[in-house]
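Trainee: Would you mind keeping the following structure in view while I ask a few things?
The values are calculated or read from the model by the stated rules, or taken from the named source; none is laboratory data. What you see is a predicted model; the values in this text were computed from it and never measured. Cβ placement follows ideal geometry from the backbone for every residue including glycine, while neighbour counts extend to all protein chains displayed. The area values use the complete protein model at the heavy-atom level, side chains included, leaving out ligands, DNA and RNA. Shrake-Rupley method; radii C 1.70, N 1.55, O 1.52, S 1.80 Å.
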Amino acid sequence: MLITPRSALRNTFLDAVREFRSEGRGTASDDTMLGRDIALHGDRWQEPAIFDEYVRRLIADAKADTARPAGMVPSTTLWFAEGDVFLGRISIRHQLTPRLMEWGGSIGYDVRPSARGRGNGRTMLRATLPHAWGLGLDPVLVTCDTDNIASRKVIEAAGGVFEDKRGDKLRYWIATAPS
């Protein structure tokens, strides 16, 4: 189920971060939200107070008046969990910058490696669409790497309509309006 980020999931979140790191996430070349967060906070998340502050920052980032680095837009981050086990994260960007139009899209998501191949990505993305609708976003742009077949299938299963390929990204639009 989709939930607001919460400190109670820290241990399973850290387990997921170890899985992401084992596949190369969090390195200098990983320019994703998750990659930047791991590089910036990863080793410090062991401290409960630092993790609590990270969770508060994620929640605050949905507010338009929250200070953020240049070029970053307000975004709502939700976690996907099964009970008290963190399975993934998804972020809804409240607006599209020129860079997000080309590269990042309206929604970005990550499913921890041990939770892949079980429909979690599809469930998470579909469950996020009403949240995007509630933010006034319709349709939303979702992108994936050209070689990420699993992500392409997740996007298409959620109703993604292929628009084009730009660089190494495939671009899809998904309607969020209730049917």
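Trainee: Within region 46-81, which residues are open to solvent by 20 Å² or more (accessible area, probe 1.4 Å), among the aliphatic types (A, V, I, L, M) and part of a loop (DSSP other than H, G, I, E, B)?
Mentor: The answer is Ala62, Ala64, Ala67, Ala70, Met72.
Trainee: Hey, does region 7-18 have a residue that's open to solvent by 30 Å² or more (accessible area, probe 1.4 Å) and assigned to a loop (DSSP other than H, G, I, E, B)?
Mentor: No, every residue in region 7-18 fails to be open to solvent by 30 Å² or more (accessible area, probe 1.4 Å) and assigned to a loop (DSSP other than H, G, I, E, B).
Trainee: Can we say Gln95 is in contact with a Leu (Cβ under 9 Å, 6 or more places away or on another chain), within 26 Å of Tyr172 (Cβ to Cβ), of a type outside the set (Val, Ile, Thr) and open to solvent by 30 Å² or more (accessible area, probe 1.4 Å)?
Mentor: For Gln95, the condition - in contact with a Leu (Cβ under 9 Å, 6 or more places away or on another chain), within 26 Å of Tyr172 (Cβ to Cβ), of a type outside the set (Val, Ile, Thr) and open to solvent by 30 Å² or more (accessible area, probe 1.4 Å) - is met.
Trainee: Now for a separate question. When only residues in region 160-177 that are under 15 Å from Leu100 (Cα atoms) and outside any strand (DSSP E or B) count, which is least open to solvent (accessible area, probe 1.4 Å)?
Mentor: Among residues in region 160-177 that are under 15 Å from Leu100 (Cα atoms) and outside any strand (DSSP E or B), the one least open to solvent (accessible area, probe 1.4 Å) is Gly167.
Trainee: Okay, moving on. Which members of region 25-45 meet the condition of being more than 17 Å from the chain's Cα centre (by Cα) and surrounded by fewer than 16 Cβ atoms within 10 Å (Cβ to Cβ)?
Mentor: If the condition is that a residue be more than 17 Å from the chain's Cα centre (by Cα) and surrounded by fewer than 16 Cβ atoms within 10 Å (Cβ to Cβ), then Thr27, Ala28, Ser29, Asp43, Arg44 are the ones that fit.
Trainee: Could you list, in sequence order, all residues of region 112-135 that are open to solvent by less than 60 Å² (accessible area, probe 1.4 Å) and either of a type in the set (Asp, Glu) or part of a loop (DSSP other than H, G, I, E, B) (or both)?
Mentor: Step one: filter region 112-135 for residues open to solvent by less than 60 Å² (accessible area, probe 1.4 Å), giving 112-113, 115, 119-121, 124-125, 127-129, 132.
Within region 112-135, Arg112, Gly119 meet the criteria.
Trainee: Can you name every residue in region 82-106 that is among the hydrophobic types (A, V, I, L, M, F, W, C), free of Cβ contacts under 8 Å to residues at least 60 places away in the same chain and not in a loop (DSSP other than H, G, I, E, B)?
Mentor: Going through region 82-106, the residues among the hydrophobic types (A, V, I, L, M, F, W, C) turn out to be 85-87, 90, 92, 96, 100-101, 103.
Okay, now just the ones that are also free of Cβ contacts under 8 Å to residues at least 60 places away in the same chain, so 92, 96, 100-101.
Within region 82-106, Ile92, Leu100, Met101 qualify.
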